[in-house]
Amino acid sequence: MSKLTLDRILQQQGFGTRKWCQALVADGDVTIDGTVMNDLKSTFETEGLPLAVMGETWICRTHIYAVLHKPADYECSRKPSHHPGVHTLLPDQFIRRDVQPVGRLDHDTTGMLLLSDDGRFIHTQSSPKHHVPKVYVATTHDPVTPQLIELLLNGVKLHDEPAPLAAETCKILDEHHLEIVLEQGKYHQVKRMLAAAGNHCSALHRAQIGNLKLSDLNLAEGEWCYLEESQLAQLAPPFTI
Ligand code: URA
């Protein structure tokens, strides 16, 4: 990997314009292991470089792979219309680096949302070709019955879809909760499938993508974390950096 000057590294990491980042370095606002780095000519490997920028600790990453535990009442859109955007829950550096949600969750859906600035990752995780299994827990208005599960497994017809859509797996959790696994990500798919099967989804939570479980990440609603290599390998298809 090629080495870069600190101002370029800071710009790539999302600390601001080149000029602003040059000023940060020249003013002595950047330290490495407690030593001020105000030389604009020295070069460094980016990946893993431990910086402190105006006192904020920052480990440099070439790309960002992260998970947010999305709360209800946040929109995934860059230009949200009725609720704050999920980007308001992320560091400013992520916004400047154009970190985006991988796919979308409805504003009232909670749970696991992948985030990245790596086009290759966003593409493989959101392409219908890759059949990424996603596990949802749906709360239903009416009791969950074996007939409902049967319908969802056999496939239900949604009015703008040419062929019936079926769950990969589906099981009763309790009287008003079911777990449904989908490999497609059509608009409002779980809610529309439940409605087509004669029930109503009153709340929805995404609990797992591939083999990676949100519950293993210990994130409260609104919190995010980076995904490390072993966790990226649990996605489907496994992702290697
Ligand atoms: N299906 C839905 O209906 N909504 C989501 O947010 C995700 C899947």
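The values are calculated or read from the model by the stated rules, or taken from the named source; none is laboratory data. Bear in mind the structure is a predicted one, so any value in this text is a computation, not a measurement. FYI the Cβ positions are ideal-geometry reconstructions off the backbone, even for glycines, and counts take in every protein chain you see. Just the protein is used for accessible areas: all its heavy atoms, side chains included, with ligands, DNA and RNA removed. Shrake-Rupley method; radii C 1.70, N 1.55, O 1.52, S 1.80 Å.
Among the residues that make up the range 113-130, is at least one of them at positive phi and assigned by TED's automatic domain parsing to the domain that holds residue 219?
First pass over the range 113-130, keeping only residues at positive phi: none.
Within the range 113-130, not a single residue is at positive phi and assigned by TED's automatic domain parsing to the domain that holds residue 219.
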Answer yes if at least one residue in the range 215-228 is in the same structural domain as residue 91 (by TED's automatic domain parsing), under 30 Å from residue 85 (Cβ atoms), within 16 Å of the ligand (Cβ to nearest atom) and in contact (Cβ under 8 Å) with a residue 12 or more places away in the chain, and no otherwise. yes
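Kindly indicate which of 116, 77 is open to solvent by less than 60 Å² (accessible area, probe 1.4 Å), within 16 Å of the ligand (Cβ to nearest atom) and either without any contact (Cβ under 8 Å) to a residue 40 or more places away in the chain or out of contact with any Lys or Arg (no Cβ under 6 Å at 6 or more places or on another chain) (or both). Show your work before the answer.
Details: 116 fails: within 16 Å of the ligand (Cβ to nearest atom).
Selected residue: 77, the only one of 116, 77 that is open to solvent by less than 60 Å² (accessible area, probe 1.4 Å), within 16 Å of the ligand (Cβ to nearest atom) and either without any contact (Cβ under 8 Å) to a residue 40 or more places away in the chain or out of contact with any Lys or Arg (no Cβ under 6 Å at 6 or more places or on another chain) (or both).
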Among the residues of the range 127-173, the number that are over 24 Å from the mean Cα position of the chain (by Cα), outside any loop (DSSP other than H, G, I, E, B) and more than 18 Å from residue 111 (Cβ to Cβ) is 12
Selection over the range 135-156 where residues are closer than 20 Å to residue 202 by Cα and open to solvent by less than 30 Å² (accessible area, probe 1.4 Å) yields a count of 9
Does residue 178 qualify as being within 14 Å of the ligand (Cβ to nearest atom), of a type in the set (A, V, I, L, M), assigned to a helix (DSSP H, G or I) and closer than 27 Å to residue 71 by Cβ? no
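Out of curiosity, is residue 90 in contact with a helix residue (DSSP H, G or I) (Cβ under 7 Å, 6 or more places away or on another chain) and crowded, with 16+ Cβ neighbours inside 10 Å?
Answer is no for this residue.
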Number of positions in the range 185-241 that are in contact with a Lys or Arg (Cβ under 9 Å, 6 or more places away or on another chain), modelled with pLDDT of 95 or more and of a type in the set (D, E, K, R): 3
Take residue 159 and tell me if it is open to solvent by 50 Å² or more (accessible area, probe 1.4 Å), more than 12 Å from the ligand (Cβ to nearest atom), farther than 30 Å from residue 48 by Cα and at pLDDT 95 or above. no
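Taking the conditions exactly as written (open to solvent by 50 Å² or more (accessible area, probe 1.4 Å), of a type in the set (Ser, Thr, Tyr) and under 22 Å from residue 107 (Cα atoms)), does residue 202 satisfy them or not?
For residue 202, the condition - open to solvent by 50 Å² or more (accessible area, probe 1.4 Å), of a type in the set (Ser, Thr, Tyr) and under 22 Å from residue 107 (Cα atoms) - is met.
Identify, please: which residue in the range 181-199 is within 11 Å of the ligand (Cβ to nearest atom) and assigned to a loop (DSSP other than H, G, I, E, B) and is, among those, most open to solvent (accessible area, probe 1.4 Å)?
For the range 181-199, the residue satisfying everything is 187.
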Residue check for residue 110: open to solvent by less than 50 Å² (accessible area, probe 1.4 Å), within 16 Å of residue 201 (Cα to Cα) and not basic (Lys, Arg): yes
With respect to residue 10, determine if the residue is open to solvent by less than 20 Å² (accessible area, probe 1.4 Å) and not hydroxyl-bearing (Ser, Thr, Tyr). yes
